[in-house]
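Below: the structure, in structure tokens.
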Amino acid sequence: MTYCVGMLVNEGLAMIADTRTNAGVDNISSYKKLHVTEVPGDRVIAIATAGNLSVTQTALAMLAEGVRMPGHDVPETLETAPTLFRAAQLVGYCLNAVRQDLLPTVEADSLKITASMLLGGQVKGGKMGLYLIYAQGNFIECGADTPYLQIGELKYGKPILDRALRPDTPMSEAVKLGLISFDSTIRSNIAVGPPFDMIVVPRDGLRGEQRRIEADDPYFKDLGKRWSEALAQAHRNMPAPPWMEPSRPTIAAVG
């Protein structure tokens, strides 16, 4: 499994993806799941993937070779898509095509394949955006009411983003919240783990700043430690349930 998050705030876009892939507790490996297409001054498009690795890798390979969409004779790629919306359509088309090709085989073997992707970025002349693309090819767009999208093992990191992330959150704070959501996830799910790949794209900047965060990254380790301490202090500061008597200290017997 995996965990990926995209956060779209007023200052720009941040996307983070883990690299862990497992087919059982004794078969764990790492694969890059954040893929970036960048043409300086023209576009930056990032794709984060979750689900069946063969499906997502095949879909990305199809996309790189060029896609002939229905009714169009000229192959299209992320480098030629006129808008970010069109880029999402291309990705959705590839995901669904791979799924349809594999469907007879997986059904015959009684298997289930799932895959989804986050696509975010900006094309020159268009608005910055973030999309969640499903295996069936359809997708939804990130909005101001909930300025983030997640795929994979999202349940552990979601409460943090729900409580704190807003459209006017500064980018540095958004990245901090995203990493805290990863820290909470890896503590509760062995299927998610470092290293993490991250890209930050300033709005209208048409450039991306990429970083890989390893397990021993000093900032990430310190962030997790401080977050655990802050949670422990917060629950200690909360009042006890009024219907329960406070615990009394035990006095050791002297013999």
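Read the figures in this text as sums done on the coordinates, not as results from a lab. All of these numbers come straight from a predicted model, not from anything done at the bench. Neighbour counts run over all protein chains shown; Cβ positions are idealised from the backbone, glycine included.
Worth a mention:
- Of LYS158/LYS221; LYS127/LYS221; LYS124/LYS225; LYS124/LYS155; LYS124/LYS221, pairs whose Cα-Cα distance is over 31 Å: LYS127/LYS221; LYS124/LYS225; LYS124/LYS155; LYS124/LYS221
- Taking chymotrypsin sites (Phe, Trp or Tyr not before Pro) across the range 177-245, the ones in a DSSP loop with at most 14 further Cβ atoms lying within 10 angstrom of their Cβ are TRP243.
- Extension gain (nm, one decimal) between ARG212 and ILE113, 0.36 nm per residue minus Cα-Cα: 32.8 nm
- Put a plus charge on the Cβ of each Lys and Arg, a minus charge on the Cβ of each Asp and Glu, and nothing anywhere else: the dipole of the chain about its Cα centre is then about 520 debye.
- Here the ratio of the Cα radius of gyration of the chain to 2.2 N^0.38 Å is 1.19.
- Shown for the chain are the DSSP H helices of 20 Å or more along their axis, judged by Cα atoms, with a mean Kyte-Doolittle hydropathy of at least 0.5: 84-108.
- Label-point separation, THR21 to ASP204 (7 Å along Cα→Cβ), nm: 4.0
- Separation in nanometres of the label points that stand 7 Å from Cα toward Cβ, at ASP42 and LYS221: 4.3
- Estimated 222 nm signal from helices in the chain, with DSSP H stretches of n ≥ 4 weighted -39500 (n - 2.57), rounded to 500: -11000 deg cm²/dmol
- Listing ARG20, ARG86 from fewest to most neighbouring C-beta atoms within 10 Å gives ARG86, ARG20.
- Highest average first, the peptides 128-138, 168-178, 46-56 ordered by how many other beta carbon atoms sit within 10 Å of their residues are 46-56, 128-138, 168-178.
- Once the mean of 1/r is taken over each pair of separate Cα atoms and inverted, the range 135-255 shows a Kirkwood hydrodynamic radius of 17.8 Å.
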